[in-house]
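**Q** One structure is given below, represented as structure tokens, and several questions about it will come after.
The values are calculated or read from the model by the stated rules, or taken from the named source; none is laboratory data. Note that the coordinates shown come from a computational prediction; the quantities given were computed from them, not determined experimentally. Neighbour counts run over all protein chains shown; Cβ positions are idealised from the backbone, glycine included. The area values use the complete protein model at the heavy-atom level, side chains included, leaving out ligands, DNA and RNA. Shrake-Rupley method; radii C 1.70, N 1.55, O 1.52, S 1.80 Å.
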Number of protein chains: 2
Amino acid sequence: MAPDELAELMQQLPEWQILAVNQVMQLERVFIFRNFRLALDFTNRVGNLAEQEDHHPAIVTEWGKVTVRWWTHAIAGLHRNDLICAAKTDALLAD
Amino acid sequence: MAPDELAELMQQLPEWQILAVNQVMQLERVFIFRNFRLALDFTNRVGNLAEQEDHHPAIVTEWGKVTVRWWTHAIAGLHRNDLICAAKTDALLAD
């Protein structure tokens, strides 16, 4: 994905940040909840999305907080599909 | 918890490691599974344990892998209860 295409797509994902984890670019967003149970419920919704997409993020579940990180193992970085999955993760909040 | 008590209790938890995350001591174990669904199932079991104990770890769910980290926020480190919760997490594998 060209840098300018990435920049343009990221404008649709204002809550997501690009970070480098062990030199692998990943797309990360932190979601805040009122308690642990609501956080775990969201983790399950993201997990179901991952299974539907056959693409699997890292999901960190903590008290009142879920951190989701999408990236593509095969290219050790970001693919267009990661940005699409990030947008679908945002949409889960509205369900 | 005195260092020698910690060392003694850690002998009961051979799969767990102590690590410092932002200078906070945490107890971590990585659990390996055959696929994402089994990993997510285990995350839910650890989550249910956390709710029962009213003590909440960080749980990182990935494809085929769950990383669990216990620590005590109030003391920014390890309490005896964290080691007990680690042992209870191990016991979930046998369920």
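**Q** In square angstrom and rounded to 100, what buried accessible area do you get between chains A and B, total over both, with the probe at 1.4 Å?
**A** Summed over both sides, the interface buries about 1500 Å².
**Q** When each copy gets a label point 7 Å from Cα toward the beta-carbon at B:D41, what are the spacings between them in nm, shortest first?
**A** Label-point distances to the other copies, shortest first: 2.4 nm.
**Q** Over all pairs of distinct alpha carbons, what does the Kirkwood formula give as the hydrodynamic radius of the stretch B:3-92, in Å?
**A** When all Cα pairs of the stretch B:3-92 are included, the Kirkwood radius is 13.3 Å.
**Q** So, one more: What nm distances, shortest first, do you get from the label point of A:A2 to those in the other copies when the point sits 7 angstrom along Cα to Cβ?
**A** Ordered by increasing distance: 6.8 nm.
**Q** Add +1 for every Lys or Arg and -1 for every Asp or Glu among the other residues with Cβ under 13 Å from the Cβ of A:A39, and state the total.
**A** Net of charged neighbours comes to +1.
**Q** Sticking with this one: Rank A:W70, A:W63 by accessible area, highest first, at a 1.4 Å probe radius?
**A** A:W63, A:W70
**Q** So which lysines can A:K88 reach, going by Cα to Cα under 20 Å and dropping same-chain residues fewer than 8 places off?
**A** Within the straight-line cut-off, A:K88 pairs with A:K65.
**Q** Accessible area, 1.4 Å probe, largest first: how do A:R80, B:R29 sort?
**A** A:R80, B:R29
**Q** So for A:I59, B:I32, B:I84, what's the accessible-area order with a 1.4 Å probe, most first?
**A** Descending order: B:I32, B:I84, A:I59.
**Q** Which whole number gives the average, over all residues in B:41-48, of C-beta atoms from other chains lying within 10 Å of the residue C-beta?
**A** 3
**Q** With no solvent and one equal point scatterer placed on each C-alpha of the protein assembly as shown, evaluate the Debye formula and give log10 I(q)/I(0) for q = 0.08, 0.12, 0.15, 0.17 Å⁻¹, two decimals.
**A** -0.28, -0.62, -0.91, -1.11
**Q** Here's something else I'd like to know. Enter the mean number of other protein chain beta carbons within 10 Å of the beta carbon of each residue in A:50-61, as an integer.
**A** 5
**Q** I've got another one for you. What distance in nm lies between label points placed 7 Å from Cα along the C-beta direction at A:N44 and A:E15?
**A** According to this spin-label approximation, the distance is 2.0 nm.
**Q** Moving to a separate point now. Of the residues A:L13, A:L83, A:L27, which exhibits the maximal mean-square fluctuation in a Gaussian network model of chain A defined by a 10 Å Cα contact cut-off?
**A** Ranking A:L13, A:L83, A:L27 by mean-square fluctuation puts A:L13 first.
**Q** To the nearest 10 Å², what's B:F31's accessible area with a 1.4 Å probe?
**A** So the heavy atoms of B:F31 present about 10 Å² to solvent.
**Q** At a threshold of 8 angstrom on Cα-Cα distance, excluding pairs fewer than six apart, so keeping six or more, what relative contact order does chain B reach in percent?
**A** Taking the mean separation of contacting Cα pairs over the length of chain B, I get 31 percent.
**Q** Only sites in a loop by DSSP and with at most 12 other Cβ atoms within 10 Å count here; which GluC sites (Glu not before Pro) in the stretch A:1-66 make the cut?
**A** Hits after loop and neighbour filter: A:E15.
**Q** Ok, one more. Each residue of the stretch A:37-43 in order: what ³J(HN,Hα) in whole Hz does its phi give by Karplus 6.51 cos²θ - 1.76 cosθ + 1.60, θ = phi - 60°, with x for Gly and Pro?
**A** Those phi angles translate into 4, 5, 5, 5, 4, 5, 3 Hz.
**Q** Can you work out ³J(HN,Hα) from phi for every residue in the stretch A:67-80, in order, using Karplus 6.51 cos²θ - 1.76 cosθ + 1.60 and θ = phi - 60°, giving whole Hz and x for Gly and Pro?
**A** 10, 10, 10, 9, 6, 10, 4, 4, 10, 6, x, 9, 10, 3
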